[in-house]
1. Please enumerate the residues belonging to region 113-129 that are closer than 21 Å to LEU47 by Cα and either small (Gly, Ala, Ser) or surrounded by 16 or more Cβ atoms within 10 Å (Cβ to Cβ) (or both).
2. Across region 75-118, what is the total count of residues that are over 17 Å from ARG50 (Cβ atoms) and touching a His at 6+ places or on another chain (Cβ under 6 Å)?
3. Which of the numbered conditions does ALA38 fail, given that it passes all the others? Conditions: (1) of a type in the set (A, V, I, L, M); (2) farther than 22 Å from ASN197 by Cα; (3) surrounded by 13 or more Cβ atoms within 10 Å (Cβ to Cβ).
4. Answer yes or no as to whether THR148 is closer than 24 Å to LEU209 by Cα, in contact with a strand residue (DSSP E or B) (Cβ under 7 Å, 6 or more places away or on another chain) and either surrounded by fewer than 18 Cβ atoms within 10 Å (Cβ to Cβ) or polar (S, T, N, Q) (or both).
5. For region 109-125, does any single residue satisfy the condition of being without any contact (Cβ under 8 Å) to a residue 12 or more places away in the chain, more than 18 Å from the chain's Cα centre (by Cα) and under 20 Å from ILE79 (Cα atoms)?
6. Might you let me know whether region 87-98 holds any residue that is within 19 Å of ARG169 (Cα to Cα), modelled with pLDDT under 95 and of a type outside the set (A, V, I, L, M, F, W, C)?
7. Go through region 82-102 and count every residue that is buried (at least 21 other Cβ atoms within 10 Å of the Cβ) and either of a type outside the set (A, V, I, L, M) or closer than 18 Å to GLN129 by Cα (or both).
8. Could you check region 26-58 and list, in sequence order, the residues that are over 17 Å from LEU209 (Cα atoms) and under 18 Å from the mean Cα position of the chain (by Cα)?
Amino acid sequence: MTDSHTDRFTEALNTSAIYAITDSKLMPGELLFEKAEAALKAGIGCLQYREKTADPAEKKQRAERLLKLCRQYKTPLIINDDLELALEIDADGVHLGQSDGSLTEARARLGVDKILGATCHASLELAQQAQDAGADYLAFGRFFPSATKPDAPPAPLELIAEAKARFQRPIVVIGGIDQSNAEVVFAQGADMIAVVNSLFADDNPAAALAAFPQR
């Protein structure tokens with residue numbers, strides 16, 4: 001495996017440690033684009049489009065609009081759980097959960113120039129499989145109570161340091177991370193923090209972003 005895809009995600013890491021994830025409940029209608037652009041303008045590292053309820057045509061239309069915004073701000077757009085959509089609109093990458101298809105197949109279809117992220121929950125074994133399959137980053141969580149995924153099993157903070165020491169991929173952490181606890185996960189070795197409510201529940205995403213501690 002070459003390092004080209006990892007380098008692409010590293011560019012995002014070097015921009016910001018904030019990995020923003022959209023939420024249709026927090027960002028209905030035009031708020032999706034208004035809040036996304038506010039976050040992009042303020043300087044997030046990457047944006048993930050996460051949509052669980054829209055019909056395929058509407059989802060594609062929204063994704064294309066977000067991609068145009070992301071191109072404007074030179075920020076990667078990653079599609080959640082939908083490899084076909086990512087390929088169709090030529091997004092910058094895709095993030096797959098454990099039930100969203102083969103990482104190996106996704107890597108092959110994406111090629112080396114796109115970003116592939118993988119949900120690893122609290123499992124170093126799943127992370128090893130993801131790294132072996134060609135994932136660019138490994139996502140662990142949840143580490144704190146999460147409004148987005150309230151039923152997700154908790155992960156111990158020590159897992160971050162263990163993963164950081166073991167794997168040669170950036171570590172992304174998710175689950176209830178906000179301005180008050182981000183410093184704790186950074187201290188454990190997290191490369192990037194994935195945020196939803198702590199950024200997009202705010203009427204002013206730029207101010208919310210500014211309140212996060214630096215990595």
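The values are calculated or read from the model by the stated rules, or taken from the named source; none is laboratory data. Nothing here was measured: the structure is a model prediction, and the numbers come from that model. When we count neighbours, we look across all protein chains shown, and the Cβ atoms used for this are built from the backbone with ideal geometry, even at glycine.
1. Once the filter is applied, which keeps residues that are closer than 21 Å to LEU47 by Cα and either small (Gly, Ala, Ser) or surrounded by 16 or more Cβ atoms within 10 Å (Cβ to Cβ) (or both), region 113-129 yields LYS114, ILE115, LEU116, GLY117, ALA118, THR119, CYS120, HIS121.
2. The qualifying residues number 1.
3. Evaluating ALA38 over (1) of a type in the set (A, V, I, L, M); (2) farther than 22 Å from ASN197 by Cα; (3) surrounded by 13 or more Cβ atoms within 10 Å (Cβ to Cβ) leaves (2) as the failure.
4. no
5. Within region 109-125 (the criterion being without any contact (Cβ under 8 Å) to a residue 12 or more places away in the chain, more than 18 Å from the chain's Cα centre (by Cα) and under 20 Å from ILE79 (Cα atoms)), the answer is yes, since at least one residue qualifies.
6. In the first step, residues of region 87-98 are kept if they are within 19 Å of ARG169 (Cα to Cα); the result is 92-98.
This time we only want the ones that are modelled with pLDDT under 95, so: 97-98.
After this cut, where a residue has to be of a type outside the set (A, V, I, L, M, F, W, C) as well, the list is 97-98.
Scanning region 87-98, I find at least one residue that is within 19 Å of ARG169 (Cα to Cα), modelled with pLDDT under 95 and of a type outside the set (A, V, I, L, M, F, W, C), so the answer is yes.
7. Adding up the residues that qualify gives 6.
8. TYR49, ARG50, GLU51, LYS52 - these are the residues of region 26-58 that are over 17 Å from LEU209 (Cα atoms) and under 18 Å from the mean Cα position of the chain (by Cα).
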